[in-house]
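Here is the structure we will look at.
The values are calculated or read from the model by the stated rules, or taken from the named source; none is laboratory data. What you are looking at is a predicted structure, and each value in this text was computed from that prediction instead of being measured. Using ideal geometry, Cβ is built from the backbone for each residue, glycine included, and neighbour counts are taken over all protein chains shown. These accessible areas exclude ligands, DNA and RNA; they are computed on the full protein's heavy atoms, side chains included. Shrake-Rupley method; radii C 1.70, N 1.55, O 1.52, S 1.80 Å.
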Amino acid sequence: MKKVIMPALLAVFLVWLMFFSNREKPAQMQTLAMGTLVDMTVLGLGGQTNYQVLQNAMLQLRELETVWHPDRIKPEGQALLAELNRRLQQGETVTVPQPLQQGFADAASYTGTSNGLFDPAIGGLVKLWGFHSDEQFPSAPPADADIQQALATPHFDDLLQNHALTGRADMRVDFGAFAKGFVLKEVAAAIVAEYPQASLLLNGGGDLVAVGQRPSRPWRIAVRHPREQGRYLATIALKDGEAAFTSGDYERFFDSVDAQGQAQHFHHILDPRSGWPAKGSQSLTVLHADGGLADAASTALFVAGDDWPAVAASMGITAVLRVTADGQIEWTAEMAERAELTPNSDGVKPQAVVRALP
Amino acid sequence: MTAMRLKDQQIAGFAALAVVIHILEASVPSPLPGVKPGLANVVTLVVLFRHGWIAAAWVAGLRVLVGSLLLGSFMTPTFMLSASGAIASVIALGGVYRALGLQHAWSPGPLGYALVAAWAHMAAQLFVAWLLFIPHDGLWRLAPVLLTASTVFAVVSGWATWKLLSWLAERGSADRVDEGAC
Amino acid sequence: MVLSRKRWFVRFLKWPDLVMAATAVMALGVLYVSLWQPAGQAAELQVLVDNEPLLSAPLSHNQTFSVEGTLGTSELEIRDGKVRFVSSPCRNQVCVHHGWASHSGELLACLPNRIALVLEGEAAVNDIDAVNF
């Protein structure tokens, strides 16, 4: 009988080796949503369940996309924000519908902590520039007088009182710098609530929300270099439940001439103080556990320019990576610890300046 | 006492032979990283068949230790890999040796033992490499290729072991003074 | 346990050897099926139009080709393992501005024209799960 034990053990070992090494294939899906291409990866639940979870996440994403779209009123689904904007523009005082309340409250608090650098109330300005719509994408900047008029709106945190807003004809609430982070966070939270052991990576057009990790290592991401195509600025291992959001001047833009006849690069991140595209940064990346905050903060800190450390401190952001307008890399101490700068083509690691948070 | 001394000397001699083969093999470039014929294992197998498992374990251990010291790879990744492979294959050989022995109808011959040693060696190396050096899932994709090479080389070294055992038997070598000592 | 003198001659092949060899070969077969993908396998480009897979193409083969989106024709170019939008009928040209994409996990899309490009395969090349931009 003893003679059977060893071969049996050997066989068990081989079978174990087989299963142990046969790593589960993650389920992956792409869809056009939230004004971008969303790519979702789920693993850790077994092939069938991974796929099922993805399907549900996809449906939820589509639903939330409709809910948070500022203008498009679809016959099917609840276009809550678009409906709210429509009523505001008729001058009504509108109570924020319950599904939007958490997001509105979060956004209002970020408007406060960012000192108005992130402000959903400038939707009119965004529309004036034309960055809100793929169909009306601009080819020239608007007249400065129109810009000044669009800027004459109270900050979002002043507008929102007791979950209600009072409308005006030119009012338009636009969560372009917040909704994607908030929605991806919600989608991730819904999956985790049902399947705590799931690992997922949600990629909304380059903005990322990570949960769990790969079997043998954390989710690892690369931050794109703002000027050199196909090159990475840095690589970062994301923690469980962390979001990475980058605002850059290199994707949604048009080239035209300014009032002085100078050729200019007009990108979509508008400075609520001047009404013109924010100057001073090429790209700015933020890591934070809250996707909505990471999204809003990457915009606010980009707009802040060289003063970003003060805004970061006030918003509670500690991991920041920035490329200034003249190509200098800046980061916080925490980011310096976590991100690995990618060497140049000649193998030299670029220099980065640590900016202390006040 | 005389028998013990003679046996120690033999182990040292076999280990020395294994070290020489080990170093010769290390100097031959390999087409695939991690793929070596493992001919030094032939010595371990011959010793297993002629002197039992404990002697074989000594030879394998000494080979890895002395070989790496001579090659200057002691405590480097190469050493970790080769040591883990050697330890795993000695343990696997010991298990099969205890369970199936050498001279029963159900005992495997040189080929069987060579296969056991080679697979254990490769599996342990892969695992250690994955654990310590390349924690990337892509490594496991190489497993079938590496294990195929292991299997082929196991057939070769099994055959060589058999040839060597037959040759030693024909010579009726007088080194079996310790017969029954185990 | 050591062989006695009269059983000194060992046979090369006994049935346990054959059983072990057969087990090894079978295990190899299973491992190949479950694990092995040919090394250096070219990454693939998947093209989706309006969320439906339209075609896939190897990134190893240089070519330019057109894809019909909901708005019109987008021109794509594959060169040296990279892909880009050469032209697209959209107003914002975000897809064209993005330039080349070459790493698995990178996404490239023309939203107005409802065309999405997904790069698949060979994650080992760069070890990156996604690109943040």
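Out of A:Gly46, A:Gly112, I need the residue that is surrounded by fewer than 18 Cβ atoms within 10 Å (Cβ to Cβ), of a type in the set (Gly, Ala, Ser) and within 19 Å of A:Asp290 (Cα to Cα). Which one? Let's see the steps before the verdict.
Numbers: A:Gly46 fails: within 19 Å of A:Asp290 (Cα to Cα).
Sole residue among the options that is surrounded by fewer than 18 Cβ atoms within 10 Å (Cβ to Cβ), of a type in the set (Gly, Ala, Ser) and within 19 Å of A:Asp290 (Cα to Cα): A:Gly112.
Can you go through A:Thr285, A:Thr299 and tell me which one is surrounded by 14 or more Cβ atoms within 10 Å (Cβ to Cβ), modelled with pLDDT of 95 or more, among the polar types (S, T, N, Q) and over 21 Å from A:Arg231 (Cα atoms)?
Going through A:Thr285, A:Thr299 in turn, the sole match is A:Thr299.
How many residues are crowded, with 19+ Cβ neighbours inside 10 Å, in contact with a His (Cβ under 8 Å, 6 or more places away or on another chain) and farther than 19 Å from A:Leu184 by Cα when one looks only at region A:231-247?
2
Can you tell me which condition B:Tyr113 does not meet? The list is (1) at pLDDT 90 or above; (2) facing chain A (nearest Cβ under 10 Å); (3) buried (at least 21 other Cβ atoms within 10 Å of the Cβ), and all the others hold.
Exception for B:Tyr113: condition (2).
What strands (runs of 3 or more DSSP E) completely inside region C:61-116 contain at least 1 residues that are closer than 21 Å to A:Arg224 by Cβ?
C:73-79, C:82-87, C:107-110
Name the single residue, out of those in region C:70-91 being within 18 Å of C:Glu52 (Cα to Cα) and of a type in the set (Ser, Thr, Tyr), that is most open to solvent (accessible area, probe 1.4 Å).
Top of the filtered list is C:Thr70.
Conditions tested, residue by residue: (1) more than 8 Å from every other protein chain (Cβ to nearest Cβ); (2) within 20 Å of the chain's Cα centre (by Cα); (3) modelled with pLDDT of 90 or more; (4) assigned to a strand (DSSP E or B).
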{"position": "A:Ile5", "(1), (2), (3), (4)": "no, no, no, no"}
{"position": "A:Ala8", "(1), (2), (3), (4)": "yes, no, no, no"}
{"position": "A:Leu32", "(1), (2), (3), (4)": "no, yes, no, yes"}
{"position": "A:Met40", "(1), (2), (3), (4)": "yes, yes, yes, yes"}
{"position": "A:Met58", "(1), (2), (3), (4)": "yes, yes, yes, no"}
{"position": "A:Glu65", "(1), (2), (3), (4)": "yes, yes, yes, no"}
{"position": "A:Asn85", "(1), (2), (3), (4)": "yes, no, yes, no"}
{"position": "A:Leu88", "(1), (2), (3), (4)": "yes, no, yes, no"}
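Taking the stated definitions as given, is A:Phe118 assigned to a loop (DSSP other than H, G, I, E, B) and surrounded by fewer than 22 Cβ atoms within 10 Å (Cβ to Cβ)?
When the stated conditions are applied, A:Phe118 does not pass them.
Looking at this structure, is C:Val67 open to solvent by less than 20 Å² (accessible area, probe 1.4 Å), at pLDDT 80 or above, under 26 Å from A:Val223 (Cβ atoms) and more than 14 Å from chain B (Cβ to nearest Cβ)?
no
For B:Arg98, are the conditions met, namely being closer than 30 Å to A:Trp219 by Cβ, within 11 Å of chain A (Cβ to nearest Cβ), part of a helix (DSSP H, G or I) and open to solvent by 20 Å² or more (accessible area, probe 1.4 Å)?
no
Taking into account only those residues within region C:83-98 that are farther than 14 Å from A:Gly206 by Cα and within 7 Å of chain A (Cβ to nearest Cβ), which is farthest from the chain's Cα centre (by Cα)?
Residue satisfying both the conditions and the ranking: C:Arg91.
Can you tell me which residue in region C:117-133 is modelled with the lowest pLDDT, limited to those that are assigned to a loop (DSSP other than H, G, I, E, B) and within 14 Å of chain B (Cβ to nearest Cβ)? Can you show your working first?
So the first thing to find is which residues in region C:117-133 are assigned to a loop (DSSP other than H, G, I, E, B), and the list is C:121-122, C:126-129, C:133.
Of the ones still in play, those that are also within 14 Å of chain B (Cβ to nearest Cβ) are C:121-122, C:126-129.
Numbers: C:Gly121: 67, C:Glu122: 54, C:Asn126: 51, C:Asp127: 70, C:Ile128: 76, C:Asp129: 81.
Here the answer is C:Asn126.
Search region A:226-239 for residues being outside any strand (DSSP E or B) and over 17 Å from the mean Cα position of the chain (by Cα), and hand back the single one that is farthest from A:Val323 (Cα to Cα).
A:Gly230
Just wondering, is there one or more residues in region A:254-266 that are touching a helix residue (DSSP H, G or I) at 6+ places or on another chain (Cβ under 6 Å) and part of a strand (DSSP E or B)? Even if it seems obvious, please write down each step before you answer.
First pass over region A:254-266, keeping only residues touching a helix residue (DSSP H, G or I) at 6+ places or on another chain (Cβ under 6 Å): none.
No, every residue in region A:254-266 fails to be touching a helix residue (DSSP H, G or I) at 6+ places or on another chain (Cβ under 6 Å) and part of a strand (DSSP E or B).
Within region A:312-329, count every residue that is part of a strand (DSSP E or B) and either within 23 Å of A:Gly291 (Cβ to Cβ) or under 19 Å from the mean Cα position of the chain (by Cα) (or both).
5
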